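> Mind looking over this structure? Questions follow.
The numbers here are math on the coordinates, done by the rules we state, and not lab data. These figures come from a predicted structure and were not determined experimentally. So basically every Cβ, Gly included, is an ideal-geometry build from the backbone, and we count neighbours across all protein chains shown.
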Amino acid sequence: MQKHNLTEIIENIKTIITDHTDVAEENTKTMTAESHFVNDLGIRSLDFISVIFQVEKDYHVDIAEKDYEKLATIGELAEYTAKQIELLNLTEFCQTVQE
């Protein structure tokens, strides 16, 4: 089972942003949970998809394409990811109990 707190997820998303977009690493100091991917960070749609894919890979979660438009800020993506992790953990727990 994975355990991650929201702050940890936010910090990892900041790193992913600098690794997979044109946003400079020194900008992570000014990034917050409220930082908007487009308006504040200037992230283009293809770069946003790259960030999403890396979050999915890092946390072994699936982010539904229909939910992309709801994930406008770092915090929204982090909260969504945390909920997906909780669902994954619950599913794993239920499978363990059934065995």
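> On a 0 to 90 degree scale, rounded to 10, what angle separates helix 6-20 from the longest Cα axis of the chain?
Between the helix axis and the principal axis of the chain, the angle is about 50 degrees.
> At 222 nm, what value in deg cm²/dmol follows for the chain if DSSP H runs of at least 4 each add -39500 (n - 2.57) and the sum is divided by all its residues, to the nearest 500? Working shown, then result.
Working: 3 runs with 55 residues, N = 99.
Computed mean residue ellipticity for the chain: -19000 deg cm²/dmol.
> Continuing with this model, one more query. Which one, [x] 27, 13, 11; [y] 38, 16, 14; [z] 20, 15, 12, gives semi-axes √(5λ) of the Cα gyration tensor in Å as derived from the coordinates shown?
[x]
> Long-range amide H contacts for T73: which residues qualify at under 5 Å (H placed 1.01 Å from N, peptide plane, sequence gap of 5 or more or a different chain)?
F37
> Among N12, L88, G42, which residue has its Cα furthest toward the positive end of the charge dipole of region 6-98, with +1 on Lys/Arg Cβ and -1 on Asp/Glu Cβ?
Positive-most Cα among the choices belongs to L88.
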